[in-house]
1. If the limit is 27 Å between Cα atoms, which of 2/196; 35/60; 14/249; 45/124 go over it?
2. Using the count of nearby Cβ atoms within 10 Å as a rough guide to exposure, how do 79, 182, 302 rank from fewest to most?
3. Would you order 283, 214, 105 from fewest to most other beta-carbon atoms within 10 Å of each residue's own beta-carbon?
4. What's the exposure ranking of 180, 289, 191, going from fewest to most Cβ atoms within 10 Å?
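No lab work stands behind these numbers, since they all come straight from the coordinates. Because the structure is predicted, anything quoted here is derived from the model rather than measured. Don't worry about glycine lacking a Cβ; one is built from the backbone with ideal geometry, like all the others, and counts go over all protein chains shown.
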Amino acid sequence: MKTTTQKNLLYKPKAECMDGVYALDHVLGCSHGCKYPCNAYLAAKKLGQVGSYEDWCEPKLVENAIELLERELTSARREPVRRVHVCFAADPFMYGQELVQAATSGVLNLVNRKCDIPVTLLTKGAYPRVHRRPLRYANGDVVDAVWFERPHGGSLEGPLHPGNEYGISLSSLDEGFRERWEPGAAPCAERIASLKALHDAGCRTWVSMEPWPSPTILAAATGTRDDAAHEASYGTSIAEVLWMMRGFKALDELLEEVSFVDKITFGRWDYGSSSEWEDYYNSCTDNVRTFCAVRNIECVIEEEADILGSLEVDGEGASMDGGILRWNPIYVDELGVIDDEETDADPKPWDSRR
């Protein structure tokens, strides 16, 4: 795997306003190759860190990450580090990337164990197998701690901080949707199973249901083009009702699958000022809020996709033109090449470009 170096690792993400909460990215790029596209890819391309979608899909490890972390976590700061997002603009447990996962284990060992700082994690991959076992401190105290199993079994990596938060990103339970929009990510069931194991071990877990697809995008990814065209033959109004019903059903099914989590975040596909699916998304938002309230789950509704509106690169601010990065779907041609030029914001399910 290729490597890169950085001058600094910790930074304050614009979207995080809580005191003491920092982020780090010990890997650049992501082999999941999400085609929404993701804000992290747009930001990296804007800042000249990657030249193309293909470059982004070949992740590079920050080879001096541990050296930087050891220095930055122990240095005096006006705002002491109380929590770290690992990674904020990449994926800490990239699916099938053992070198990335091993590097993440090293970061967790340093942040959790040596510095006693909790982390927040979010992945479209799958977490390692988890174990609970006693941990004896030097003073004789014994606590029940959580440990990750290293790849291929054997020894354990840890212990993990009891204040850690473990999340997965999930926009559908349908594998057809995943294969089209998240081709390199872990199967949906595998993501959920790995998160459930952490929940069962007593860890705090959460799910990011963002970007939630519009009815037409969901229909295009989960049904056949002939089915969608047949539905459209009933007339636009009836077809849209059918697609919305499919979307509500998919949302309800996903919520039930992740009902064990402590927190759910939800956001739409397109944050434009106007949307032909405004009523649909408002109804979805109400459904998520109600679901969480009934089950005493923390609920966060993302109103704007401005998470990476500005970054700090090598200690210096890097503006993203001050604009909001929108979750606009993009067209991918027959060869799988991303085209982030302006395209149809919401292609019809029977679109011949599929």
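1. Correct reply: 2/196; 14/249.
2. The most exposed by this proxy come first: 79, 302, 182.
3. 283, 105, 214
4. Sorted ascending by nearby Cβ count, the order is 289, 180, 191.
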